[in-house]
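I have placed the structure first, in the form of structure tokens, so that the comments after it can refer back to it.
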Amino acid sequence: IGAVKEIEKLLGMKDIVRMEAYDISNINGFENVGSMVVYEKGKPKRSDYRKFKIKGVQGPDDYACMEEVLKRRFTHGLAEQENEELGGFARFPDLIMMDGGKGQVNVALRVLEELRLNIPVCGMVKDDKHRTRGLYFENREIPIDRGSEGFRLITRIQDEAHRVAIEYHRSLRTKEQVHSILDDIEGIGPARRKALMKAFQSLDEMKAADVETLAEVPSMNRSAAEKVYEFFHKINDIKGEEDR
């Protein structure tokens, strides 16, 4: 609570309870994703975290990705409020915290204006060494005492938003790699591929399964299971020969 009070003082605000922070992750435009993390009274509220798979942006355009994330988040929230639903988007934050400075803040303000929402937005600005440097708020950068509780909370929030985005991005990359491998197996179409990816937590787990286990997966049969088993074990045999 003391850290939140320090942030209120820095921004000239009062009664900040809920803060939402946003970040974008992509590598060369592959599977752009966004994260939303929520802190209430200075503590993470993980049940309200949300992850977004970007749908309308091709290539590494962080501003366009962030615009999509915020539009989806607040449009969904407005719809829940209108229908008196108690979904995860219905409650709006007292403060939006963007990973970045002026550019990211302006994207958020533009979306809020378009949706006729009045929510304060600040940017968490980093220095050349990628460490939190200050807050960008109302067209100026506000320096922060690096030894303060407020600074430590801002850093934790920024790191958490980044962690969630990165982990989601990695999980999608892994799924895409599994998807690509299964495409090479004869007799494994979209339905079976989806069922296998749902049944096994990882590619290694799928490789380790015997024919009987593979055949028990919904939409699979013994013939298809044998093809999957033979495909993976043929790869392992070839790799073993190469290693020797």
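What spacing in nm lies between the two simple spin-label points modelled at LEU109 and GLU141, each 7 Å away from Cα in the Cβ direction?
Result: 1.7 nm between the two label points.
If you count only protein heavy atoms with a 1.4 Å probe, what accessible area per residue comes out for the chain, rounded to a whole Å²?
Solvent-accessible surface per residue comes out at 57 Å².
Could you check which residue among ALA209, ALA108, ALA165 shows the biggest mean-square fluctuation in a GNM of the chain with a 10 Å Cα cutoff?
In the Gaussian network model the winner is ALA209.
Just to check, using Stokes-Einstein with a Kirkwood Rh over alpha carbon pairs, what's the diffusion coefficient of region 1-118 at 10 °C and 1.306 mPa s in µm²/s?
In µm²/s, the coefficient rounds to 106.
Taking the Cα centre of region 1-132 as origin, sum charge times position over the Cβ atoms of Lys and Arg (+1) and Asp and Glu (-1), and report the length of that vector in debye to the nearest 20.
360
Please arrange THR155, THR132 by accessible surface area, largest first, computed with a 1.4 Å probe and ligands excluded. Intermediate values should be presented prior to the final figure.
Working: THR155 35, THR132 10 Å².
Correct descending sequence by accessible area is THR155, THR132.
Using a Gaussian network for the chain with springs between C-alpha atoms less than 10 Å apart, which of these wobbles most: PRO44, PRO190, PRO143?
PRO190
Just to be sure I understand the model, the point goes 7 Å from the Cα along the line to the Cβ. What's the resulting SER219 to SER148 distance in nm?
In this crude label model, SER219 to SER148 measures out at 5.5 nm.
Below 20 Å, Cα to Cα, which lysines can LYS41 reach? Residues fewer than 8 away in the same chain don't count.
LYS5, LYS9, LYS14
At q = 0.07, 0.10, 0.13, 0.18 Å⁻¹, what log₁₀ I(q)/I(0) does a Debye calculation on the Cα points of the chain give, no solvent, two decimals?
Log10 I(q)/I(0), no solvent term: -0.34, -0.62, -0.84, -1.26.
What is the count of Lys pairs in region 103-229 whose alpha carbons sit under 22 Å apart, if the two are 8 or more places apart or on different chains?
Count of close lysine pairs: 9.
For region 8-67, place one equal point scatterer on every Cα, skip the solvent, and apply the Debye formula. What is log10 of I(q)/I(0) at q = 0.16, 0.22, 0.30 Å⁻¹?
Taking Cα atoms of region 8-67 as identical point scatterers yields -0.61, -0.83, -1.14.
Using Stokes-Einstein with the Kirkwood hydrodynamic radius over Cα pairs, what translational diffusion coefficient do you get for region 67-120 at 37 °C and a viscosity of 0.692 mPa s, in µm²/s rounded to a whole number? Write out the running numbers ahead of the final one.
On the way: Rh = 11.6 Å.
Reported coefficient: 283 µm²/s.
For region 17-130, which whole percent of the accessible surface, found with a 1.4 angstrom probe, sits on carbon and sulfur atoms?
On the way: 2650 of 5730 Å².
Percent of accessible area from carbon and sulfur atoms in region 17-130: 46.
Taking 7 Å along the Cα-to-C-beta vector as the label spot, tell me the PHE92-LYS9 distance in nanometres, rounded to one decimal.
2.9
The values are calculated or read from the model by the stated rules, or taken from the named source; none is laboratory data. These figures come from a predicted structure and were not determined experimentally. Note that we place each Cβ from the backbone using ideal geometry, even for glycine, and neighbour counts take in every protein chain shown. Calculation scope for accessible area: heavy atoms of the full protein, side chains included, ligands and nucleic acids excluded. Shrake-Rupley method; radii C 1.70, N 1.55, O 1.52, S 1.80 Å.
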